[in-house]
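Heads up: the structure comes next, in structure tokens.
The values are calculated or read from the model by the stated rules, or taken from the named source; none is laboratory data. What you see is a predicted model; the values in this text were computed from it and never measured. With ideal geometry, Cβ positions are generated from the backbone for all residues, glycine too; neighbour counts draw on all protein chains shown. These accessible areas exclude ligands, DNA and RNA; they are computed on the full protein's heavy atoms, side chains included. Shrake-Rupley method; radii C 1.70, N 1.55, O 1.52, S 1.80 Å.
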Amino acid sequence: MKDLARRFKGNPILKPADLMPGHPGLEIVCLLNPGVFSFEGKIWMLIRVAERPVQQEGIISFPILDTDGMKIISINENDPDLVTTDPRIINYKHKDYLTTLSHLRLVCSDDGVSFYQPEGFPMLIGEGPNETFGVEDCRVAQIDDTYYLTFTAVSAYGVGVGMRTTKDWKTFVKHGMIIPPHNKDCAIFQETINDKYYALHRPSSVALGGNYIWLAESPDGVHWGNHKLVLKTRKGKWDSERVGAGAAPIKTDQGWLEIYHGANANHQYGLGAILLDLHNPAKVIAQTDGPIMIPTEDYEINGFFGEVVFTNGHIVDGDQLIIYYGAADEFVCGASFSISEIISALVWL
């Protein structure tokens, strides 16, 4: 199956050097996986900004949050208790840490291509014991006048789904961890179905089950239950190792169109699509056999963690779907798709 993406000519549209670090003494290593929404006539992205201390020769340093604020941990790179085989994770004395600390940063654009950081809007940082390793990969869903922010909350306790809501992007209601570890990739539908809220999410099981997409329902958009399996990985295909939801599903005449990410055993990430029944979103009625987008450009293949295209944010304009995505876990990029072309590529089940 061919790659259906029409990439922006100016990709990457944002690189780590384009923003200032959020904390003194830190450097931005990666910009990743923005949530996307419209507000006050502009297109906005809520970008995951991953930072770490400027590295010194022979020393591995990384930040965490505690009750007193940010704490920097420094370890001699030759320490026999240190394992650094994965650029994203450090294992020290049999405990896992992240090599970077992520927060969420707002940027906006008048044309959807050139983005800048506006004044007067706060950064969203980790708060409390469930977010000591930061907050990551936010999805944004708008229902009426309220924006629902679902993000990955990371700590030594595990990876779960946190949520905050806002109407003005300056004041936020904090709902804590709405789905406990291990879970992520939570995308809320932008309207209720039969008076219920719905959300896709991705629990993980290493020993039993797998990294599959599930559906949850809620009476109020805050408390979630009645979880149902929606989509499994497929052995021997591009999405054989894990699948996860992208942004909020898109309502079409044929069903709810969801752009999802998949990865294989070599950690190569691409994008695919499924179609969910309009009245029963737990039912998958169609799926692309192959990916609709795979890493092909240098900025997607080479970076902090290469061979990755990953999205959790988009803008819908008629038949045009503008997907903003993280490339190689380092850059923010954009691409346009035709919704009808994606639907034509689906295989009906």
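Restricting to region 207-226, and then to whatever is among the hydrophobic types (A, V, I, L, M, F, W, C) and open to solvent by 60 Å² or more (accessible area, probe 1.4 Å), can you tell me which residue is nearest to residue 180 (Cα to Cα)? Outline the logic, then answer.
Let us first name the residues in region 207-226 that are among the hydrophobic types (A, V, I, L, M, F, W, C), namely 207-208, 213-216, 222, 224.
Okay, now just the ones that are also open to solvent by 60 Å² or more (accessible area, probe 1.4 Å), so 207-208, 214.
On the way: 207: 18, 208: 18, 214: 14 Å.
The selected residue is 214.
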Query raised in the report: Within region 144-163, can one find any residue that is open to solvent by 40 Å² or more (accessible area, probe 1.4 Å) and of a type in the set (D, E, K, R)?
Result: yes
Report summary line: If we keep only residues of region 300-311 that are within 18 Å of the chain's Cα centre (by Cα) and farther than 15 Å from residue 247 by Cα, then the residue most open to solvent (accessible area, probe 1.4 Å) is 307
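Looking at region 41-64, which of its residues are in a strand (DSSP E or B) and open to solvent by 30 Å² or more (accessible area, probe 1.4 Å)? Steps first, answer last, please.
Taking region 41-64 first, the residues in a strand (DSSP E or B) are 42-53, 59-64.
Across region 41-64, the qualifying residues are 42, 43, 48, 52, 59, 60.
Would you check which residues across region 97-138 are assigned to a strand (DSSP E or B) and of a type in the set (Phe, Trp, Tyr) and list them? Quick ask: steps written out before the conclusion?
Of all residues in region 97-138, those assigned to a strand (DSSP E or B) come to 97-98, 101-109, 116, 124, 134-138.
Those that are assigned to a strand (DSSP E or B) and of a type in the set (Phe, Trp, Tyr): 97, 116.
What do you reckon, is residue 87 open to solvent by less than 70 Å² (accessible area, probe 1.4 Å) and at pLDDT below 95? Steps first, answer last, please.
Numbers: open to solvent by less than 70 Å² (accessible area, probe 1.4 Å): yes; at pLDDT below 95: yes.
Judged against the criteria, residue 87 is a match.
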Requested in this report: Restricting attention to region 312-341, report how many residues are more than 24 Å from residue 199 (Cα to Cα), among the hydrophobic types (A, V, I, L, M, F, W, C), open to solvent by less than 10 Å² (accessible area, probe 1.4 Å) and part of a strand (DSSP E or B).
Outcome: 4
Query raised in the report: Restricting attention to region 199-206, does a residue exist that is surrounded by fewer than 14 Cβ atoms within 10 Å (Cβ to Cβ) and more than 25 Å from residue 314 (Cα to Cα)?
Result: yes
Query raised in the report: For the subset of region 6-17 comprising residues that are under 20 Å from the mean Cα position of the chain (by Cα) and outside any loop (DSSP other than H, G, I, E, B), which member is nearest to residue 51 (Cα to Cα)?
Result: 16
